[in-house]
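See below for the structure under consideration.
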Amino acid sequence: MRIFFATDIHGSEVCWRKFLNAGAFHKADVLIMGGDMTGKAMVPIVESNGGWEVTLQEQGHVLATDDELLAMEKRIRDRGYYPIRLTRDELAAWSADQALVDARFKDEMLRSVEAWMALADERLGGTSIRCVVSPANDDMFEIDPIIDRAQHVQLGEANTIPLDGFTLVSTGWANPTPWNTFRELPEDELRTRIDALVATVPDRSRAIFNFHAPPYASNLDAAPQLDADMKYVAGGQALVPVGSKAVRESILEYGPALSLHGHIHEGKGAVKLGRTLAVNPGSSYEDGVLQAAIVDLDTKKGEVKRYLLING
Amino acid sequence: METTSSEASAAPAAPTLFLRNATGLVKGWSGFDAFVYSFMAVNLVTLGMFYSLAVFAYVPDASPVLSILIAAVAVTFLAIAYAGLIAVMPRAGGDYVWQTRVLDGLPGIVVGAIVGAVGFYLVSNALGLGDAVGLGAGAVGLVVGGLLGRLRGGVGFVLAATGWWFILAMWAPIYGAILKLEFFQPLAALVGWSEGVTFFGSDNGTLVVSIIVIALTAGLVALGMAGYARIQRICLYLGLIGFAIMAVLMLVFSQADFQAAFDRANQSLFGVAGAYQKTIDDAAVNDAFTGSVDPLAMGTDVVATLGAAVVMLPFMLFWILYPNWGSTLYGEVRGSGDFRKVLQGMLGGIWVTAALAIVFVLLAAKTFGWLFFNATNVNFINWFYGYTTTDPTVPIWSYPPLLASYLIDFPLFQIAMVVLFGVWFLGWSGTLFLSSTRMIFAAAFDRILPERAAEVSDQRGVPVVALLFIMVPAIVVSVLYAYSADFRALTLDATLVIAVTFLGSTVAATILPWWKPDLFNNSPIARLKVPITVASLIITLILAYVIYLWLSDPLYGIGVGNTNSIIFLGVLYGLAAIVYVVARLYRRSQGVDLDAIHAEIPAD
């Protein structure tokens with residue numbers, strides 16, 4: 001059985017499309033998305049003199065035609081941002097009222113996940129490729145039922161999913177971050193959640209953990225250190241472990257065959273923890289590159305046969 | 001038609017981006033941090049004074065100030081090329097991934113073929129197989145290199161493994177030599193420990209200091225960059241204080257004062273009478289030293305002046321080639337401002353250092369005397385690298401801070417100066433193995449090296465196996481370096497191999513906007529297509545020319561005039577190629593297709 005695992009694409013439309021095509025391209029049986037699917041930024045495209053003006057990555061653009069407008073919107077979506085058409089008056093109103101921004105963010109996130117699930121149904125329908133999507137700490141709770149409604153996608157969060165003799169258990173909850181995001185738990189509560197999930201697995205040696213937070217001090221969790229002002233220390237050179245101790249301890253205790261992680265985009269890697277292969281494919285979603293792990297599992301022996309980290 | 005500008009034109013006072021609270025969004029980073037890293041990498045004391053600013057005697061017609069300026073200008077283009085790569089692929093964070101991603105298909109084949117052809121031809125000639133066989137070997141190298149380049153990731157691995165891993169094993173004893181000459185020997189002399197001076201001057205002493213360096217730098221990797229960054233910043237401030245003290249001393253004292261102080265000190269420390277004039281006389285007799293042009297002399301023949309400065313460039317790059325040493329990640333939601341900040345950090349490293357270097361050579365000429373300064377350097381360097389067997393006039397190197405400290409006839413002050421300048425080494429040495437371990441990690445994640453190479457210890461997250469991968473060869477090379485003057489003479493190979501690696505990345509930067517337009521056009525510097533290409537092309541041509549000089553001109557002690565050097569280089573590149581090919585074959589036997597690593601999945 002071949003698993004294709006990607007994570008942390010943060011709204012990048014091109015990465016989602018690549019993810020859906022990866023099953024056929026890499027001959028995978030199961031696609032697993034590890035969460036943090038929704039974008040972090042909205043880019044206003046402002047009406048101006050019959051055209052549009054937009055600033056992307058500190059470069060101003062004046063768009064004269066609809067084709068240019070559509071191309072710019074695609075470029076923004078591929079980067080993981082949401083393009084928002086606004087009038088100058090609307091922009092001024094948004095600038096003065098954070099509630100307007102928050103409401104639109106929510107709309108955009110839900111709308112994009114709806115569209116992504118529709119695309120998944122369209123592309124995966126008629127194939128034997130299974131797809132599991134598990135939201136994570138940066139994803140609002142309202143996207144869970146949208147995923148659950150998709151015909152050809154299974155919701156990972158808190159579900160026990162049999163996979164050809166293995167059992168997949170997922171959670172996108174993470175240990176606390178400086179950003180206080182949607183799904184964060186103190187370590188002891190996270191451990192309780194994990195234990196409850198693992199209790200549903202018939203054979204723990206054939207378990208596959210899909211836990212968004214990487215294990216602590218595993219090299220999969222090395223993130224740039226931040227100072228009190230949320231700025232990089234030493235220009236991003238200083239890396240510190242920020243993973244979950246609960247995740248680490250549960251891996252070492254239960255010894256699943258495979259443990260899939262994300263969360264830390266810089267933490268690309270694969271390590272052995274006890275008998276478990278733990279992987280974090282990392283993320284370069286903003287470049288339109290889909291980083292992923294391809295893992296072949298031996299269904300007879302119940303172990304990892306081979307793996308590869310890719311930049312697709 | 002769509003138009004672009006560098007300034008936001010849509011409602012300047014209004015926001016151009018709305019962010020929500022999400023993991024990883026940071027408020028940016030300090031450009032000063034990038035400057036510190038770059039400034040310490042382009043290290044005025046440990047690299048500049050130790051080598052590049054000490055070898056003007058070997059190109060006596062080269063204007064020192066012009067040589068420094070030309071080198072700084074050349075490396076400025078390198079900074080632009082690397083800032084461009086960082087802006088387009090920030091998380092990739094290194095030559096290995098940049099080259100692997102960009103040098104695929106035809107560019108990979110061409111780069112592989114050129115490296116292969118040149119390598120096979122040079123090794124064949126070094127083995128004395130004759131011109132005909134050499135040409136045949138070159139043709140074989142062309143094919144072999146081209147085939148390796150055709151394999152996705154092949155060229156990237158060979159160039160990065162040699163430049164960021166293998167050759168850093170050679171830098172370990174070079175660091176050892178620097179520490180020995182700039183710290184242990186001067187201190188031993190100043191405290192009157194003559195046996196120590198002798199020991200550290202011996203082969204055994206060289207090896208011991210190299211082992212100390214290996215242990216120190218491995219320890220700093222274990223400490224982690226988070227801790228080391230704090231040390232580095234303190235070292236920067238203390239180092240600049242030390243430099244200021246030295247500069248003031250050199251400014252207020254006269255050349256006559258210095259001559260008296262040098263004579264007094266060497267009479268006292270080593271029993272050498274009239275050491276100042278004796279050094280000049282000995283250099284003339286033993287080292288054929290006839291003097292060098294003054295730092296500010298430009299000559300009347302502009303072409304000859306420029307030509308001599310260009311000949312100095314391969315020496316200067318030993319010191320100033322590394323402003324990009326800390327190229328790494330800079331966040332997700334970024335703009336062209338980050339590009340400018342990265343570039344400013346590197347340019348600050350280059351140009352502040354170059355300015356201090358010019359101040360230093362001018363003060364050295366004023367106070368030490370330019371004739372003496374070059375005489376004492378050539379007198380010691382010729383002996384140290386085995387160009388002559390005649391002992392130098394003074395048994396320890398004329399380390400500039402030590403020379404300046406002689407102006408104050410107070411041993412404790414002299415000791416304090418040497419210790420204070422030691423921070424230039426401490427703040428610089430920690431990154432020696434850090435870069436190697438990251439490259440080893442990347443190769444392990446790409447399944448070229450065993451997965452164990454990326455393991456870290458449970459308690460402190462120390463990359464134990466990766467450290468062994470670099471420490472063991474470093475110890476082996478340190479033994480060779482300590483006991484073989486022939487091997488010490490290969491010092492510039494350490495720079496050459498890194499320059500070849502950088503050349504691979506500058507080629508990648510040159511073609512990036514045109515070969516990977518989607519990637520480039522989606523970056524914050526999309527409108528800098530032409531400037532990035534032009535700057536990258538210029539530094540590509542400069543590096544290619546400098547590499548040609550290293551390989552062809554016996555002046556540099558490596559290249560075709562030194563069989564050992566070519567064989568050494570052949571072993572390095574050959575070993576990297578073998579590791580890559582064996583890894584591919586082994587992984588294929590496991591059913592792992594390494595080509596899949598970089599295969600782009602279609603989006604539609």
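In units of the rule-of-thumb radius 2.2 N^0.38 Å, the stretch B:240-279 shows an alpha carbon radius of gyration of 1.34. Pairwise Cα distances in chain A exceed 31 Å in 31 percent of cases.
In the stretch B:68-111, which residues become less accessible by 40 Å² or more once every protein chain is in place, relative to the chain on its own, using a 1.4 Å probe? By number: B:Arg91, B:Arg101.
With the simple model of a label 7 Å out from the Cα in the direction of the Cβ, A:Ala158 to B:Val302 spans 7.8 nm. Ordering B:Asn125, A:Ala92, A:Gln225 by Cα displacement along the dipole of the protein assembly as shown toward the positive end leaves B:Asn125 in first place; charges were set at the Cβ atoms of Lys, Arg (+1) and Asp, Glu (-1).
Each residue of the stretch B:205-214 is assigned a 3J(HN,Hα), and the resulting list reads x, 4, 5, 4, 5, 4, 5, 4, 5, 4 Hz, derived from the Karplus form 6.51 cos²θ - 1.76 cosθ + 1.60 (θ = phi - 60°), x at Gly and Pro.
Fully extending the segment from A:Ala99 to A:Asp29 would add 20.9 nm, taking 0.36 nm per residue of separation and subtracting the current Cα-Cα distance.
Here the scattering of the stretch B:401-541 is modelled by Debye summation over its C-alpha atoms, one equal scatterer each and no solvent; at q = 0.09, 0.15, 0.16 Å⁻¹ the log10 of I(q)/I(0) is -0.55, -1.07, -1.09.
A straight Cα-to-Cα reach below 29 Å connects B:Lys278 with the lysines B:Lys180, B:Lys366, residues fewer than 8 places away in its own chain not being considered. Assuming charge only on the beta carbon of Lys and Arg (+1) and of Asp and Glu (-1), the dipole of the stretch A:1-100 about its Cα centre is about 600 debye to the nearest 20. Bridging of A:Lys272 to aspartates and glutamates at a Cα separation below 13 Å is possible for A:Glu303, B:Glu451, B:Glu455, B:Asp458, once same-chain residues fewer than 8 apart are set aside. What you get for chain B, charging only the Cβ of Lys and Arg (+1) and of Asp and Glu (-1), is a dipole of about 1400 debye around the Cα centre.
Here the Debye sum runs over all C-alpha atoms of the stretch B:84-155 as equal scatterers in vacuum, and log10 of I(q)/I(0) at q = 0.12, 0.24, 0.28 Å⁻¹ comes out as -0.39, -0.88, -1.03. Using a 1.4 angstrom probe on heavy atoms only, work out the carbon and sulfur share of the accessible area of the stretch B:439-581 in %. Looking at the stretch B:439-581 in its full context, I get 71 percent from C and S.
By definition, a body whose alpha carbon gyration tensor gives a ≥ b ≥ c is oblate when a/c is 1.5 or more and a/b is not larger than b/c, and the stretch A:103-249 fits this oblate description. Taking the charge dipole of the stretch B:240-343 about its Cα centre, with +1 at Lys and Arg Cβ atoms and -1 at Asp and Glu Cβ atoms, the residue from B:Ser268, B:Ile280, B:Phe339 reaching farthest to the positive side is B:Phe339. Each of B:Val285 and B:Leu480 was given a label point 7 Å from its Cα along the Cα-to-Cβ line. The distance between the two points is 3.7 nm. With semi-axes defined as the square roots of five times the eigenvalues of the C-alpha gyration tensor, the equivalent ellipsoid of the stretch A:157-312 measures 27, 19, 13 Å, largest first.
Restricting the calculation to Cα atoms, the stretch A:51-139 yields a radius of gyration followed by a Dmax of 16.5, 50 Å. Computed over the stretch A:195-287, the quotient of the alpha carbon radius of gyration and 2.2 N^0.38 Å is 1.17. Prolate is the label for the stretch A:1-86, because a/c, from the alpha-carbon gyration tensor with a ≥ b ≥ c as root eigenvalues, is 1.5 or above and a/b exceeds b/c. What's log10 of I(q)/I(0) for the stretch A:138-203 at q = 0.18 Å⁻¹, Debye sum over Cα points only, no solvent? The computed values of log10 I(q)/I(0) come out as -0.78. Summing both sides, the accessible surface hidden between B and A at a 1.4 Å probe radius is close to 7200 Å². Database remark: amide H of A:Ala136 closer than 5 angstrom to the amide H of A:Asp36, A:Met37 (H placed geometrically; neighbours at sequence offset of 5 or more, or on other chains; Pro and chain starts carry no H). Across the alpha-carbon atoms of the stretch B:482-565, the computed radius of gyration and Dmax are 17.3, 54 angstrom.
With r defined as the distance between the Cβ atoms of B:Leu106 and B:Val191 and R0 fixed at 45 Å, what FRET efficiency is calculated, to the nearest 0.05? In this case the efficiency is close to 0.15. Excluding ligands, DNA and RNA, the accessible surface per residue across the stretch A:1-134 is 35 Å² with a 1.4 Å probe. For the stretch A:194-242, the share of accessible area belonging to carbon and sulfur comes to 54 percent (1.4 Å probe, ligands and nucleic acids excluded). Across chain B, Cα-Cα distances exceeding 35 Å account for 40% of all pairs.
FRET efficiency for the pair B:Val359 and B:Asp391, taken as 1/(1 + (r/R0)^6) with r the Cβ-Cβ distance and R0 = 35 Å, rounds to 0.60.
If the segment from B:Gln277 to B:Val571 were pulled out straight at 0.36 nm per residue, it would be longer than the present Cα-Cα gap by 101.4 nm. Pairs exceeding 19 Å between alpha-carbon atoms, taken from A:Lys27/A:Lys305; A:Lys245/A:Lys301; A:Lys231/B:Lys341; A:Lys18/A:Lys305; B:Lys341/B:Lys516; A:Lys40/A:Lys74: A:Lys245/A:Lys301; A:Lys18/A:Lys305; B:Lys341/B:Lys516. Viscosity 1.002 mPa s, temperature 20 °C: Stokes-Einstein D of the stretch B:456-604 from its Kirkwood Cα radius, in µm² per second? Answer, rounded: 112 µm²/s.
Tell me whether the protein assembly as shown comes out rounded, prolate or oblate; compute the Cα gyration tensor, take square roots of the eigenvalues as a ≥ b ≥ c, and use a/c under 1.5 as the rounded threshold. It comes out prolate by the Cα gyration axes. With the helix formula -39500 (n - 2.57) applied to DSSP H stretches of n ≥ 4, chain A reaches a computed 222 nm mean residue ellipticity of -9000 deg cm²/dmol. With R₀ fixed at 51 Å, the C-beta to C-beta distance from A:Met1 to A:Ser48 puts the FRET efficiency at about 0.40.
A simple spin-label model places pseudo-atoms 7 Å from Cα toward Cβ; at B:Asp593 and B:Ala14 they are separated by 5.0 nm. By a 1.4 Å probe calculation restricted to protein chains, A:Thr87 has an accessible surface near 40 Å², given to the nearest 10.
The values are calculated or read from the model by the stated rules, or taken from the named source; none is laboratory data. Keep in mind the model is a prediction, meaning the values are calculated, not measured. Ideal geometry is used to build each Cβ from the backbone, glycine not excepted, and the neighbour counts take in all protein chains shown. Calculation scope for accessible area: heavy atoms of the full protein, side chains included, ligands and nucleic acids excluded. Shrake-Rupley method; radii C 1.70, N 1.55, O 1.52, S 1.80 Å.
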